[in-house]
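See below for the structure under consideration.
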Amino acid sequence: MSELTNTEIVRWWRRIGVVAPGLAVCGDLPTDFEDAVDVLVAWIDAGVTDIVDVREEWSDEVLVADLAPPLAYHHVGTHDHGGTQADAWFDAGIAPVLEAMADDERLAVVHCHMGINRGPSLAFAALLAAGWDTVEALDAIRVARPIAAIAYAEDAVRWHGRTTCRSP
(Lines give C-alpha, C1' and ligand atoms only; values in the text may rest on other atoms or scores of the structure.)
Protein backbone atom coordinates (compact mmCIF):
# COMPACT_ATOMS: atom_id res chain seq x y z
CA MET A 1 0.00 0.00 0.00
CA SER A 2 1.28 3.46 -0.80
CA GLU A 3 1.77 6.15 1.83
CA LEU A 4 -1.41 8.04 2.75
CA THR A 5 -1.49 11.81 2.34
CA ASN A 6 -2.62 14.12 5.15
CA THR A 7 -5.88 14.71 3.29
CA GLU A 8 -6.53 10.97 3.07
CA ILE A 9 -5.77 10.56 6.78
CA VAL A 10 -8.27 13.29 7.66
CA ARG A 11 -10.90 11.54 5.52
CA TRP A 12 -10.30 8.35 7.51
CA TRP A 13 -10.55 10.10 10.89
CA ARG A 14 -14.20 9.34 11.64
CA ARG A 15 -14.85 6.56 9.13
CA ILE A 16 -15.90 3.27 10.68
CA GLY A 17 -13.64 0.37 9.79
CA VAL A 18 -15.21 -3.01 10.53
CA VAL A 19 -12.43 -5.33 11.63
CA ALA A 20 -14.41 -8.46 12.49
CA PRO A 21 -18.00 -9.39 13.30
CA GLY A 22 -18.98 -7.18 16.23
CA LEU A 23 -15.83 -5.03 16.13
CA ALA A 24 -14.99 -1.76 14.39
CA VAL A 25 -12.38 0.97 14.92
CA CYS A 26 -12.62 4.70 14.32
CA GLY A 27 -11.58 8.16 15.44
CA ASP A 28 -13.62 10.25 17.87
CA LEU A 29 -16.81 12.26 17.57
CA PRO A 30 -16.47 15.86 16.42
CA THR A 31 -16.65 18.61 19.04
CA ASP A 32 -19.13 20.57 16.90
CA PHE A 33 -22.65 19.50 17.94
CA GLU A 34 -24.15 19.26 14.44
CA ASP A 35 -21.13 17.38 13.13
CA ALA A 36 -21.32 15.02 16.11
CA VAL A 37 -24.96 14.32 15.31
CA ASP A 38 -24.03 13.48 11.71
CA VAL A 39 -21.26 11.11 12.79
CA LEU A 40 -23.46 9.39 15.39
CA VAL A 41 -26.17 8.88 12.76
CA ALA A 42 -23.55 7.36 10.42
CA TRP A 43 -22.33 5.07 13.21
CA ILE A 44 -25.88 3.94 14.02
CA ASP A 45 -26.58 3.39 10.31
CA ALA A 46 -23.43 1.23 10.19
CA GLY A 47 -24.90 -0.91 12.99
CA VAL A 48 -22.97 0.42 15.98
CA THR A 49 -24.60 -0.54 19.29
CA ASP A 50 -21.66 0.04 21.64
CA ILE A 51 -19.05 2.77 21.85
CA VAL A 52 -15.77 2.00 23.63
CA ASP A 53 -13.98 5.32 24.09
CA VAL A 54 -10.36 4.90 25.16
CA ARG A 55 -9.37 8.57 25.40
CA GLU A 56 -8.12 9.66 28.81
CA GLU A 57 -8.45 13.32 27.86
CA TRP A 58 -12.13 13.40 26.93
CA SER A 59 -15.47 11.65 27.36
CA ASP A 60 -18.56 11.85 25.17
CA GLU A 61 -20.74 10.01 27.68
CA VAL A 62 -23.18 12.90 28.20
CA LEU A 63 -23.32 13.73 24.49
CA VAL A 64 -24.05 10.12 23.51
CA ALA A 65 -26.63 9.75 26.31
CA ASP A 66 -28.42 12.87 25.04
CA LEU A 67 -28.20 12.20 21.30
CA ALA A 68 -28.29 8.41 21.08
CA PRO A 69 -29.59 6.89 24.32
CA PRO A 70 -29.88 3.35 22.92
CA LEU A 71 -26.11 3.18 22.39
CA ALA A 72 -24.09 1.64 25.21
CA TYR A 73 -21.17 3.92 26.07
CA HIS A 74 -18.05 2.58 27.78
CA HIS A 75 -15.27 4.96 28.78
CA VAL A 76 -11.96 3.17 29.35
CA GLY A 77 -9.57 6.08 29.07
CA THR A 78 -5.81 5.85 28.85
CA HIS A 79 -2.84 7.98 27.88
CA ASP A 80 -1.31 8.21 24.42
CA HIS A 81 2.15 9.30 25.49
CA GLY A 82 4.08 6.28 24.26
CA GLY A 83 5.62 3.99 26.79
CA THR A 84 3.48 1.10 27.92
CA GLN A 85 -0.19 0.41 28.54
CA ALA A 86 -1.14 -1.28 31.79
CA ASP A 87 -2.66 -4.74 31.89
CA ALA A 88 -5.61 -3.29 33.83
CA TRP A 89 -6.49 -1.09 30.83
CA PHE A 90 -6.60 -4.09 28.50
CA ASP A 91 -8.61 -6.08 31.06
CA ALA A 92 -11.22 -3.34 31.43
CA GLY A 93 -11.35 -2.40 27.78
CA ILE A 94 -11.78 -5.75 26.12
CA ALA A 95 -14.77 -6.83 28.24
CA PRO A 96 -17.39 -4.72 26.39
CA VAL A 97 -15.74 -5.48 23.05
CA LEU A 98 -15.85 -9.25 23.59
CA GLU A 99 -19.49 -9.01 24.71
CA ALA A 100 -20.38 -7.25 21.47
CA MET A 101 -18.36 -9.68 19.37
CA ALA A 102 -20.25 -12.60 20.94
CA ASP A 103 -23.65 -11.18 19.91
CA ASP A 104 -24.63 -11.18 16.22
CA GLU A 105 -26.87 -8.17 16.86
CA ARG A 106 -24.13 -5.91 18.24
CA LEU A 107 -21.23 -3.89 16.85
CA ALA A 108 -18.73 -2.15 19.14
CA VAL A 109 -16.74 0.75 17.75
CA VAL A 110 -13.49 1.20 19.64
CA HIS A 111 -12.12 4.71 19.26
CA CYS A 112 -9.50 7.08 20.52
CA HIS A 113 -8.89 10.56 19.16
CA MET A 114 -7.62 9.79 15.65
CA GLY A 115 -8.12 6.02 15.58
CA ILE A 116 -4.43 5.39 15.09
CA ASN A 117 -2.96 3.99 18.33
CA ARG A 118 -5.11 3.43 21.41
CA GLY A 119 -8.34 2.32 19.71
CA PRO A 120 -6.68 -0.07 17.26
CA SER A 121 -4.40 -1.38 20.04
CA LEU A 122 -7.39 -2.26 22.23
CA ALA A 123 -9.14 -3.82 19.23
CA PHE A 124 -5.99 -5.90 18.64
CA ALA A 125 -6.02 -7.09 22.27
CA ALA A 126 -9.69 -8.05 21.93
CA LEU A 127 -8.94 -10.08 18.80
CA LEU A 128 -6.10 -11.87 20.63
CA ALA A 129 -8.46 -12.61 23.53
CA ALA A 130 -11.00 -13.95 21.03
CA GLY A 131 -8.40 -16.43 19.78
CA TRP A 132 -7.14 -14.69 16.66
CA ASP A 133 -3.62 -15.24 15.37
CA THR A 134 -1.35 -12.23 15.98
CA VAL A 135 -0.53 -11.51 12.33
CA GLU A 136 -4.10 -12.10 11.14
CA ALA A 137 -5.39 -9.69 13.80
CA LEU A 138 -2.90 -6.98 12.83
CA ASP A 139 -3.70 -7.46 9.16
CA ALA A 140 -7.46 -7.26 9.77
CA ILE A 141 -7.09 -3.97 11.62
CA ARG A 142 -4.83 -2.46 8.96
CA VAL A 143 -7.20 -3.52 6.16
CA ALA A 144 -10.16 -1.99 8.01
CA ARG A 145 -8.20 1.12 9.02
CA PRO A 146 -5.14 1.82 6.86
CA ILE A 147 -4.04 4.70 9.10
CA ALA A 148 -3.75 2.43 12.15
CA ALA A 149 -0.28 2.32 13.68
CA ILE A 150 -1.29 0.09 16.61
CA ALA A 151 1.55 1.52 18.71
CA TYR A 152 0.61 -0.53 21.77
CA ALA A 153 0.54 -3.89 19.96
CA GLU A 154 3.59 -5.16 21.88
CA ASP A 155 1.86 -4.31 25.16
CA ALA A 156 -1.22 -6.18 23.99
CA VAL A 157 0.84 -9.25 23.10
CA ARG A 158 2.60 -9.17 26.49
CA TRP A 159 -0.76 -8.68 28.27
CA HIS A 160 -2.24 -11.59 26.33
CA GLY A 161 0.71 -13.81 27.19
CA ARG A 162 0.50 -12.94 30.89
CA THR A 163 -3.27 -13.43 31.07
CA THR A 164 -3.29 -16.71 29.17
CA CYS A 165 0.13 -18.00 30.28
CA ARG A 166 1.01 -18.57 26.63
CA SER A 167 2.14 -16.59 23.63
CA PRO A 168 -0.31 -15.83 20.81
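The values are calculated or read from the model by the stated rules, or taken from the named source; none is laboratory data. All values reported here derive from a predicted model rather than from experimental measurement. Every residue, glycine as well, gets a Cβ built from its backbone with ideal geometry; the counts of neighbours run over all protein chains shown. Please note that ligands, DNA and RNA were not included when accessible areas were found on the heavy atoms of the full protein model with its side chains. Shrake-Rupley method; radii C 1.70, N 1.55, O 1.52, S 1.80 Å.
Worth pointing out:
- Cα centroid separation - the stretch 90-168 against the stretch 33-50, whole Å: 22 Å
- Full-stretch length increase - D104, T164 - with 0.36 nm per residue and alpha-carbon distance subtracted: 19.0 nm
- Dividing the summed -39500 (n - 2.57) terms of all DSSP H runs of n ≥ 4 by the residue count of the chain sets its mean residue ellipticity at 222 nm at -14000 deg cm²/dmol.
- Rounded to the nearest 20 debye, the dipole magnitude of the chain is 580 debye, with +1 charges on Lys and Arg beta carbons, -1 on Asp and Glu beta carbons, and the Cα centre as origin.
- Acute angle (nearest 10 degrees) that the helix 118-129 long axis makes with the longest principal axis of the chain, alpha-carbon atoms: 50 degrees
- With respect to the chain, whose longest principal axis is taken over its alpha-carbon atoms, helix 134-144 is tilted by about 20°.
- Counting Lys and Arg as +1 and Asp and Glu as -1 over every other residue whose Cβ lies under 10 Å from the Cβ of H74, the net charge comes to -4.
- On a per residue basis, the chain carries 49 Å² of accessible surface, using protein heavy atoms and a 1.4 Å probe.
- Peptide ranges 135-145, 57-67 listed from the most packed, as the mean C-beta count within 10 angstrom indicates: 135-145, 57-67
- With Cα atoms, 0 to 90° folded angle of helix 153-164 axis to the chain main axis: 60 degrees
- Taking other residues whose beta carbon is less than 9 angstrom from the beta carbon of P30, and scoring Lys, Arg as +1 and Asp, Glu as -1, yields -4.
- Label zone at L63 (point 7 Å along Cα-to-Cβ), backbone N below 11 Å, the stretch 1-45: 28-40
- Debye, to nearest 20: dipole size of the stretch 1-63, +1 on Lys, Arg Cβ, -1 on Asp, Glu Cβ: 320 debye
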